[in-house]
Amino acid sequence: MAPALWMFLFFIAVTLGITYWAAQRSRDANDFFAAGRRMTAWQNGIAVAGDYMSAASFLGIAGIIAFQGYDGFMYSVGWLVAYLTVLLIVAEPLRNTGKYTMADVLAYRLHPRPVRAMAALSTLTVSTFYMIAQMVGAGALVALLLKDSGITYHTAVIGVGILMITYVVFGGMLATTWVQIVKAILLMSGTLLLSVLVLAHFDFSLGKFFTAVGQVTYHENGVPVTKDFLQPGLRFKPPYGALDLISLSLALIFGTAGLPHILVRFYTVPDARTARVSVVWAMALIGSFYIMTTFLGFGAATIVGRDTIAANGGTNMSAPLLAQTLGGDLFFAFVAAIAFATILAVVAGLTISASTSFAHDFYTNVIHYGVERDPAEEVFVARVTAFVVGAVAIGIAILLGPTANVAFLVALAFAVAASANFPVIILSLFWKRFNTTGAVAGLGTGLVAAIVLILISPSIMKSGPLFPLENPGIVSIPLGFLGAVIGTLLSREPEAEAKFTELLVRANTGLGAEKATG
Amino acid sequence: MVKQAPWERIAAMPAFHALLVAKQRFIIPATLFFLVYYFALPLLVGYAPRMMETKVFGVINVAYVFALSQFLMAWILAAFYIRAAKRFDVMAAGVVAELDRQPQGE
């Protein structure tokens, strides 16, 4: 599999070049944490898309659609519509009132130490789960594609970890942003090319394509079956399927607006207007991508077939195997390299948001009581954190091994984000009465509820699960809100209420917002 | 920051109040609309599967058409918001301009 190796190396060389260039240009903390707030709307929009479309999107959704048809497409729909929550409710107030992290908005009116400590914990939890999932995926992918070259799962995971540490430690947010942009363009072109090849296979006739999708044949327990893949219900089956689908929809639609690595992207632009336009750029790209998952997923189901995919690496290999069937080994290598680039970029984005949160929220504001630190010291702490986070993720990914369920870890990240982060962000922006006790209680309840419910769900407890749904959202998101509301009502904080006017004015006018530098 | 902006005074301005009202008039109905439109999909797929399996043309069924329409809905709503937000930007700039005209302090 030499072509794949060469393409990997080429992408790595390009991204390391970007990192070197960014390192030369980074002068201060604003550069390191927020790319100097100089990104334009289209640049940040593409970067948001790059940060968002992870291994779960490219490999995962294609696989679920290839195996379970229409139900898999529900992920695509939810992951796009979720951006309306970001666009209408979160992006602009966040840009106007924060500096580097999600917690800036929460700490604005509340006591910074407890709130930032909890927010940093939740950010690190979401990012780590998300990251381990990506690294397990990368390791499995690279090991499978490069098996002839002697590269094992362990080597691949360690390689990915070292690369991601390099991007973040040396290049900061500027390098990370440009890596996202390169990756997003690669991913979009690869997906477009693959979709065109699928259509070409059906003589560019949508009629022929969908007719084939209407009768997909595969073997189930050794018996051949033919199913209409456009019909719902192949994944979400009674008795709990309908509830599980609604639970998943809730987690997707509200989780996105609570993902730390997406939220920090809005600090890299000069003002709220640019943040808004960048969301629309992202929606254009992300939407087009998810519509094309129709061709990737159904294409894999009809052209490659479930049986072949199951015998050659399983669901996650659907898109690469489709590329091999349609375009031969070279195109297979190209698509595999794109998947690898996708993972690498997302992992870098996660690392920068986790280490920024640790340095800014925990080190400066919790350990040092918010006493203004030397910005260079904050950057140094973030670099050390990036190194530690990378090492921890490498360790856990190796422990879990290549067979760990990647989709499960990503779902956990979304559920935690929707249950812990989303309620407190919304309430701190829109509820005058909201206070510190409420924020700590909301973050805590949401975090614990989401994690406990997943631990007792069918994904983990294979026999006799205590909680019948795979996704905890339908229970844990209301619990997160409930914790925040009850916590708030149990105490009074006149200072927090008094500062609401200031927050309201700043969020809506942009007065006093952090400016672009340089 | 150059100067501490007098938040209370801005909050009391009729122009600021008008900005908040204008934003709420767009954002609240738009949010309710997209939440209802979006959650109708999993609810109908989950609880009215027979209806969703009705064929529209060829093998294409209601479920798939409704799912695709979500993409259009999201894009169109985003476009409407961008247009409305231009108006909000002008109003917000008006608030800031009015603040600069007023004498500082009491």
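The values are calculated or read from the model by the stated rules, or taken from the named source; none is laboratory data. All of these numbers come straight from a predicted model, not from anything done at the bench. Note that we place each Cβ from the backbone using ideal geometry, even for glycine, and neighbour counts take in every protein chain shown. Just so you know, the surface numbers come from the protein's heavy atoms only, side chains and all, with ligands and any DNA or RNA stripped out. Shrake-Rupley method; radii C 1.70, N 1.55, O 1.52, S 1.80 Å.
Contact order normalised by length for segment B:14-100, with contacts defined as Cα pairs under 8 Å and 6 or more residues apart; what percent is it?
Dividing the mean separation by the residue count of segment B:14-100 yields 42 percent.
Can you tell me the relative contact order of chain A? Whole percent, Cα pairs under 8 Å, sequence separation 6 or more.
31 percent
Taking only the alpha carbons of segment A:233-332, what extent do you get along each of the three principal axes, in Å, biggest first?
Principal extents (Cα only, largest first): 50, 44, 19 Å.
Looking at the calculated P(r) for segment B:1-62, what percent of the C-alpha pair distances fall above 15 Å?
Of the Cα pairs, 71 percent sit more than 15 Å apart.
Name the lysines eligible as straight-distance cross-link partners of A:K227: C-alpha to C-alpha under 22 Å, and not fewer than 8 places from it in the same chain.
A:K208, A:K237, B:K55
Can you check what the net charge comes to around A:Q134, using other residues whose Cβ is under 15 Å from the Cβ of A:Q134 (Lys, Arg +1; Asp, Glu -1)?
Residues near A:Q134 contribute 0 overall.
Hey, can you find the accessible area per residue of segment B:14-100 for me, probe 1.4 Å, expressed in square angstrom?
For segment B:14-100, the solvent-accessible area averages 50 Å² per residue.
Which whole number gives the average count of other chain Cβ atoms within 10 Å of the Cβ atoms across peptide B:62-72?
That works out to 5 on average.
Give the residue list of trypsin sites (Lys or Arg not before Pro) in segment B:3-48 that are DSSP loop and have at most 16 other beta-carbon atoms within 10 angstrom.
B:K3
With a ≥ b ≥ c taken as the square roots of the eigenvalues of the C-alpha gyration tensor of segment A:386-499, please select rounded if a/c is under 1.5 and otherwise prolate if a/b is larger than b/c or oblate if it is not?
Taking the square roots of the gyration eigenvalues as a ≥ b ≥ c, segment A:386-499 is oblate.
What aspartates and glutamates sit close enough to A:K183 to cross-link, taking a C-alpha to C-alpha distance under 19 Å and skipping anything fewer than 8 places away on the same chain?
A:K183 reaches A:D51.
For chain A, what mean projected area does the convex hull of the alpha carbons give, in nm²?
22.7 nm²
For q values of 0.16, 0.20 Å⁻¹, compute log₁₀ I(q)/I(0) with the Debye formula on a Cα-only model of segment B:14-100, without solvent.
Debye intensities relative to I(0), on a log10 scale: -0.72, -0.92.
Can you list the residues of segment A:213-234 that have at least 40 square angstrom less accessible area with all protein chains present than in their chain by itself, probe 1.4 Å?
Residues meeting the cut-off: A:L230, A:Q231, A:P232.
So for A:L429, B:L68, what's the accessible-area order with a 1.4 Å probe, most first?
B:L68, A:L429
Could you tell me the distance between the Cα centroids of segment A:279-300 and segment A:323-376, to the nearest Å?
Between the Cα centres of segment A:279-300 and segment A:323-376 lies a distance of 22 Å.
Tell me, what % of the accessible area of the protein assembly as shown is carbon and sulfur with a 1.4 angstrom probe?
Whole-percent figure for carbon plus sulfur exposure: 69.
Taking a cut-off of 15 Å between Cα atoms, list the aspartates and glutamates near A:K432, but don't count ones fewer than 8 places away on the same chain.
Output for A:K432: A:E493, A:E495, A:E497, A:E502, B:E8.
Can you give the accessible area buried between chains A and B, summed over both chains, with a 1.4 Å probe, in Å² to the nearest 100?
Buried area (both sides, nearest 100 Å²): 4300 Å².
Work from the charge dipole of the protein assembly as shown (Cβ charges, +1 for Lys and Arg, -1 for Asp and Glu, about the Cα centre) and give the residue of A:L243, A:Y108, A:A66 farthest towards its positive end.
Comparing the listed Cα positions along the dipole, A:Y108 ranks first.
Over segment A:1-118, what relative contact order in percent results from Cα pairs under 8 Å that are six or more residues apart?
Rounded, it is 11 percent for segment A:1-118.
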